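Here the structure is laid out as structure tokens; the discussion comes afterwards.
The values are calculated or read from the model by the stated rules, or taken from the named source; none is laboratory data. This structure is a prediction, so every number in the text was calculated from the model and none was measured. No Cβ is skipped: glycine too gets one built from the backbone with ideal geometry, and neighbour counts run over all protein chains shown.
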């Protein structure tokens with residue numbers, strides 16, 4: 001039996017307050033399950049250190065499993081706990097393709113914390129059953145791009161759809177500046193996306209880049225795509241069966257609402273928007289592709305979202321470690337997560 005303790009990132013507990021470590025338990029369990037490792041006896045320890053999560057395994061965590069664990073949203077350091085109480089640091093391998101600053105630099109009102117976004121990406125990744133060698137992540141309501149940046153950090157190809165043209169321009173400017181400042185090789189192409197009748201639906205930005213110059217020269221690049229369009233047009237924007245992961249933060253109905261396609265009035269609940277967008281999202285995901293959505297329980301309920309997903313042909317993951325994520329963000333946001341897989 002192997003006994004480990006993860007030292008939590010110093011800024012982690014500010015995200016969900018008292019539920020931070022409980023939420024992280026589920027994420028870590030899901031990550032390790034995806035690596036074929038079962039965890040036992042989760043406990044919270046002090047060890048004379050900041051907050052820690054302790055657990056036991058039947059096998060040593062190493063190789064790809066260790067790399068996956070190091071990508072956990074709360075991960076700061078890993079220790080092995082010996083029978084005599086001694087702590088031995090376990091060196092975690094580099095898992096980031098691009099530096100984590102890519103998702104951390106931008107600060108703005110209403111931004112979903114990058115650590116929470118990483119948690120969603122990790123959960124979707126662990127639930128994914130496509131078997132693709134290179135994963136493609138899509139955020140069909142990408143805001144200012146935090147999910148896309150996290151996807152690049154993980155080494156995925158990414159695609160984003162965003163209706164706010166100002167935000168689309170800001171994402172483009174930020175990405176280009178980041179790549180130029182970091183002296184990353186890249187190629188930028190602008191294209192158009194058309195519907196079945198050949199009518200233009202959206203302008204598309206495509207960037208091909210790599211964190212390593214040798215990879216870029218050899219054609220081993222990551223792809224970044226961005227469309228300025230309504231997510232309800234996703235069937236024309238996403239190639240059929242092309243994406244492995246879909247991760248998105250639905251409007252909370254606090255700072256941002258959603259608009260019905262037939263009405264310009266803002267709606268605090270995103271249920272109607274979700275119902276109208278799901279067919280295009282489902283079409284874009286590969287069979288076995290995983291979906292992770294966060295939402296505000298004050299404006300829509302987990303059961304309501306689950307019913308929409310099941311009706312559209314998704315298998316909702318309704319047992320641990322893919323449940324138990326409800327947590328209070330502030331007085332107007334009680335945030336929850338739902339995970340599902342395309343059947």
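The table below lists the values:
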quantity: Any chance residue 308 is closer than 19 Å to residue 235 by Cα, touching a helix residue (DSSP H, G or I) at 6+ places or on another chain (Cβ under 6 Å) and part of a helix (DSSP H, G or I); calculated: yes
quantity: Failed item in (1) in contact with a helix residue (DSSP H, G or I) (Cβ under 7 Å, 6 or more places away or on another chain); (2) closer than 22 Å to residue 117 by Cα, with residue 185 passing the rest; calculated: (2)
quantity: Candidate set from segment 311-336 (those that are part of a loop (DSSP other than H, G, I, E, B) and over 18 Å from the mean Cα position of the chain (by Cα)); member that is nearest to residue 133 (Cα to Cα); calculated: 313
quantity: Count of segment 122-176 residues which are in contact with a helix residue (DSSP H, G or I) (Cβ under 9 Å, 6 or more places away or on another chain) and on the phi > 0 side of the Ramachandran plot; calculated: 2
quantity: Evaluation of residue 303 against (1) modelled with pLDDT of 95 or more; (2) in a strand (DSSP E or B); (3) farther than 30 Å from residue 223 by Cα (one fails), failing number; calculated: (2)
quantity: Any hit, segment 159-174, residues being closer than 15 Å to residue 231 by Cα, in a loop (DSSP other than H, G, I, E, B) and assigned by TED's automatic domain parsing to the domain that holds residue 241; calculated: yes
quantity: Filtered residues of segment 73-97 (kept if assigned to a strand (DSSP E or B) and surrounded by 11 or more Cβ atoms within 10 Å (Cβ to Cβ)); calculated: 75, 76, 77, 78, 79, 80, 81, 87, 90
quantity: Filter result for residue 156 (touching a strand residue (DSSP E or B) at 6+ places or on another chain (Cβ under 9 Å) and either under 23 Å from residue 277 (Cβ atoms) or not assigned by TED's automatic domain parsing to the domain that holds residue 35 (or both)); calculated: yes
quantity: Given (1) part of a loop (DSSP other than H, G, I, E, B); (2) under 29 Å from residue 316 (Cβ atoms); (3) touching a strand residue (DSSP E or B) at 6+ places or on another chain (Cβ under 6 Å), number of the condition residue 60 does not satisfy; calculated: (2)
quantity: Any hit, segment 142-154, residues being without any contact (Cβ under 8 Å) to a residue 12 or more places away in the chain and either buried (at least 22 other Cβ atoms within 10 Å of the Cβ) or part of a loop (DSSP other than H, G, I, E, B) (or both); calculated: no
quantity: Residue check for residue 102: crowded, with 23+ Cβ neighbours inside 10 Å and either modelled with pLDDT under 95 or in contact with a strand residue (DSSP E or B) (Cβ under 7 Å, 6 or more places away or on another chain) (or both); calculated: no
quantity: Residue, surrounded by the fewest Cβ atoms within 10 Å (Cβ to Cβ), within segment 322-342, restricted to residues that are touching a helix residue (DSSP H, G or I) at 6+ places or on another chain (Cβ under 6 Å) and at pLDDT below 95; calculated: 324
quantity: Hits in segment 57-93 (condition: in contact with a helix residue (DSSP H, G or I) (Cβ under 8 Å, 6 or more places away or on another chain) and free of Cβ contacts under 8 Å to residues at least 60 places away in the same chain); calculated: 57, 61, 65, 68, 92, 93
